[in-house]
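Derivation of every value follows stated rules applied to the coordinates shown; laboratory data play no part. For clarity, every value in this text was computed on a predicted model and none was experimentally measured. Ideal geometry is used to build each Cβ from the backbone, glycine not excepted, and the neighbour counts take in all protein chains shown.
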């Protein structure tokens, strides 16, 4: 066994770190937090210039051919710095699906622009009545000659306001079982009938509700088979399997350690001397390491060609719940000062702890709630029966 | 509002305390723990002599007519001392059912003996395949003239080895819904075909599996209607509504406080000076008070004539889970010494903490698991739909 | 035992519930953000006697019991009242206990609605009283200066930090010269007076947090009874129903304990300081956990500012943390029960 | 990164798994109670080289890595081995590090199976070494005497307390005269030597507890897949399936962390003491929680001595607590990462 990353991976880490020191300023961080938009044109361009917009992709497709382990190092550094990667992430996810199941025309039209950072693709999965149960989607796409007419409403379409296309899950058949009547489309967001309504969230992130009223989309923008949308979704979501929040816990730890070292109690004693503080830090150190191991294991399995079953959900579940618990703990340990918002200049450690309290909540919800992940682990990993 | 017990209740408490000082010796406590039998003939006789075998019963039935609040005080003291009351408890529970729905002959035959401490009645509800789901019972009672022939197996029939009758839930009709084909019997345990097999448990308590092989019982021993057993059970279980473990948490607290005061750390400092110890004690104090309030509320509601819905389950759920958590905490805080068994004379506080670690587990299981109680609270208290 | 409030208390509760129902709707709570102060609500509370009830007749009040105050605090918590009700009640009770011309004059002005006084629960640090509750809206602040309790006017040089709970907190200048020149409320017994005030503060905040927790559970239950997934109401999933059952249980316990602690102020004074810390610790953890559970079961909706549950989530943490963490309150229970540590 | 053990390690694991499968069945574990020592298992472990693997060739062993030992410890924990494997390995490694004639002679005798040496992790108290792990079966005990590490024979005057985990613990007389006359293993560096031994102990016990947790989850899952209630397998209830999913996740994490900590002994020594405490704290809490969940879902059956899960429940607590509580281990993580507190 070897729990170290290879030298080549650590070299990538150092490169990313140097890149971030240059391009990830405190001003950019503050702009991202103030606008709630985890996407930045200049930062994206810098990634493109560096060849890092999709580093895991093969060189012939415009990537750098980094392997899963190198991507671990790259991902950890980007997360640790809270770099504005959300728009790039969804764009790449959809581009990968297009490469896998799209038409040649779609590949030619979309992929190069995505890799050049010229377009943003957003996700249109959730609906008011279909959250955890995505297959319950009722947004309709009805065929009309060479076009489809789309009507419905999608929730949580983050970055729609700066997006070029929405990767849309729509119902094309109401006569069959719910999983079997869905089709995926790439809907240009400048079409008439698309209406975007801003939604602001507890963590400060901006997302959107997108309304589709008689939006016409050419059949050329259909991705995958008609009524084969659930399979196309599965391709998309498989790439999410290595999700985990280890590096975000690391961000919390770094902030908490700097607070503990720099601040003192009412008697002028360093908070680092306080047993309660030390215990909270120790627990964070432990949860970070466990999260890291669970997450890295998934990357290693991918590299070793092993089939990931419950390991992906374990990584996501453990790290998101741990992040939430440790952020809550740390707020209580820090005391009243932890209430100061990120935007208060006197907030300890630039307000990262307060931000993390709010940010952490979403991590146990989006991309599948903790309950959905526990179901997956119980059923796929442990072989327990489906829950009623 | 008034959170004090009335003077008359506190007077009862003082009387019980004095009684226990006389009759609840350490030797008796040790005998109960060694045998695992929470019933003692001499102790029972002393209760009878004092008129306390069923103090809540009306005077005309041989009780003392104590009201629910006075019973709170009496019950708390008996629990705090861990007096051997289990056999008396089941006996009284069944006697009460007989008073409510039994025949005159049953009342004449059973109740006076029960109140004289001359008989022990045990419970035959659970089966190998019917635990939480009691209505799934398959033990058969088939009619044969004036008799019933019983075949089956009952789990967790505590005190069967010293019992005179088992209050048995049996299936008399397989053609109807499972709740509707059950009948209750009072089965004399000296009948041929009754076989008792001892079962020892983690807490040291002895219970039994009881096998019934062609056991013949006169129809005179049927309690309640044929196929009306579920209603009879409901009568029996209603009396359990005020269940709660506040006084057991008190027992843990008393032991932990005496340990903290009497022992020292490696530097000779009183453990009471240790912040970790103080926090564990503080949490126990809090959980004790909350348990007490939830439990007393149920008694107060009974007295005020209010309908108890979720309040009973809340008392049982909260206090049993709290007892378990606090016992676990305390074991960790006490350290290696907490591993010493009750029977090791050097165990801290007579081994109560170690005993409580094991004892507490059963409290979240018997008389309805915590999960069953959460279902009851969710459905009856909060109006949530039945879980699938 | 009597677990039902008296008819008068039930009347009091329903009066305040009606006031909050009108003057502290979720819309009004949002409108008062980020400062966390609703002048109209505050005026109505004053008109209703919410401060004068906190002190005896001899101090110009109408001498409600601590239990009465706690019952009102429950309603305040349920409705997330954007007003420094508890801070002001605590200050009034401190002033009434202190007596003397400065305190008496100040108390009169407060009850007349001319001034708003708050107490800094912490001594100054590097010349500042930090995160003073109600500091952003109060006219005066009481604070410890050595063993003296002084009162200083709060000026425009206070700094109002945006905070997670949208509480009207402020960092208030409290340098040595300011404190040395300040009016004296008590000389020599400030630590004890502040500790007693803290007991009041803990017990009333416990009531507010218990109310907040109960309301959060109701919001969660309503959502679980309405939202469907996988062909059934989500409340039918044990993964949703069981945490709600636990939180309903804890909320019931928190409410009972807060009421007992408030009752004990008059009826069992020997145990009331211990009970105040117990009630606060338990209510704080319950409000923290109940708002978390209720928010989480909303899925992505819980995360939207548009849904009310986030208002509860944020305030449960702020109303707690601005005083002390639950763990500190548990240690305070031990201090009150066993006496302070000899080492400390 | 390489998360798969080497072929040699997998071979080692399967060899020991086979041994435990034969010599440490639940029946044998029960038969060894209450003392918690199975002589036949112990002999087989010795024959297999379970002790000689723990020390280098130069000390007469075959120099397995700490990771090899941890992998074996996982099997020991899974099977609840009734033998002082870890205690003895820790003692051997301490003796090997100590060197000198006393230690070397003792180590030879241990490896030859002539003596069994254990270490008291705590200094004596009032003339007794209390609850010494393996003290009920060892022939000799190492213990701190001031800054000296001495070894004393364990005599018939030891007291063997019945304990919740059926561990072969003993209270061993260790009064001043006994210690003053004892053979010296190390003079002057006992605290450091014991602390290093404690690191070994923590990391190997972490492996054992992780194995115990994994096995407890398997037992729980098997029961949930078999037992029916209300017309379905109980594993279909989220109230059962979700806690098991959480425990499976934590167990996987505990195993990975224990292996990393053991790997770090050779590969990342600068971080290995920190990792040892981390692995122990996490594995201890995981084993505690996993055995609790697995026992609880058995309903009344979990409570019957006849079912195996109670064997796991009791030992998870004893194997942990005899060394240190999880909370203490977490504070040890901080001590190793940030240095000890200045105050202490």
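Tabulated values for the structure
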read-out	value
Average other protein chain Cβ within 10 Å of Cβ, residues B:1-13	4
More than 39 Å apart - percent of Cα-Cα pairs taken over chain C	12 percent
Candidates A:343, A:359, A:125, ranked by Gaussian network fluctuation over chain A, Cα under 10 Å, top entry	A:343
Relative contact order, percent, region A:121-228 [alpha-carbon distance under 8 Å, six or more residues apart]	30 percent
Residue D:62 versus residue D:43: modelled label distance in nm, points set 7 Å from Cα along the beta carbon direction	2.1 nm
Region B:329-351 versus region A:113-191: alpha-carbon centroid distance in Å	62 Å
Simple label model, 7 Å out from Cα along Cβ direction - residue A:219 to residue D:17, nm	5.5 nm
In degrees, nearest ten, helix B:311-334 long axis to first principal axis of chain B (Cα)	40 degrees
Region D:320-344 and region D:111-133: distance between their alpha carbon centers, rounded to Å	22 Å
Residue D:147-residue A:2 FRET efficiency (beta carbon distance; Förster radius 25 Å; 0.05 resolution)	0.05
Sites residue A:118 and residue D:218, calculated FRET efficiency, Cβ-Cβ separation with R0 51 Å, nearest 0.05	0.45
Sorted by Cβ density within 10 Å, fewest first, the residues A:69, A:195	A:195, A:69
Beta bridge orientation in the protein assembly as shown: antiparallel %, DSSP, nearest 5	85 percent
Percentage of interatomic Cα-Cα distances in the protein assembly as shown larger than 67 Å	11 percent
Highest-fluctuation residue, B:348, B:68, B:58 considered, GNM on chain B with Cα pairs under 10 Å	B:58
Region D:1-158: C-alpha gyration tensor shape, a/c 1.5 cut-off, then a/b vs b/c	oblate
Antiparallel %, DSSP beta bridges [both residues in region D:1-152], to 5	65 percent
Prolate/oblate/rounded call for region C:87-211, Cα gyration tensor, a/c under 1.5 rounded	rounded
Computed [θ] at 222 nm, deg cm²/dmol, chain C (DSSP H ≥ 4; -39,500 (n - 2.57); rounded to nearest 500)	-19000 deg cm²/dmol
Average beta-carbon neighbours from other chains, 10 Å sphere, peptide D:272-283	3
Distance between region C:78-95 and region D:134-205 - C-alpha centres, whole angstrom	60 Å
Order of C:198, A:168 under a 10 Å beta carbon neighbour criterion, fewest first	C:198, A:168
In degrees, nearest ten, helix D:66-78 long axis to first principal axis of chain D (Cα)	50 degrees
Residue order, fewest to most beta carbons within 10 Å, for A:158, C:249, A:172	A:172, A:158, C:249
Using a Förster distance of 22 Å, the FRET efficiency for residue B:25-residue B:45 (Cβ separation, nearest 0.05)	0.90
Nearest 10 degrees, 0 to 90: helix A:352-363 Cα axis against chain A principal axis	30 degrees
Other-copy label distances relative to residue D:25, 7 angstrom Cα-Cβ extension, nm	7.3
10 Å Cβ neighbours from other chains, averaged over peptide A:290-303	4
Length-normalised contact order for chain C - Cα pairs under 8 Å, 6+ apart - percent	16 percent
Value of relative contact order over chain B, rounded to a whole percent, pairs C-alpha under 8 Å and six or more apart	12 percent
Most mobile listed residue (D:238, D:310, D:75) in chain D, GNM with C-alpha springs under 10 Å	D:238
Rg and Dmax of chain B, Cα atoms only, in Å	21.7, 77
DSSP bridge pairs, region B:116-169: antiparallel proportion in percent, nearest 5	60 percent
Debye intensity ratio in log₁₀ form over the Cα atoms of region C:191-338, taken at each q of 0.15, 0.18, 0.19, 0.20 Å⁻¹	-0.72, -0.92, -0.99, -1.06
Residue B:60 paired with residue A:266, simple spin-label distance in nm, labels 7 Å along Cα-to-beta-carbon	6.5 nm
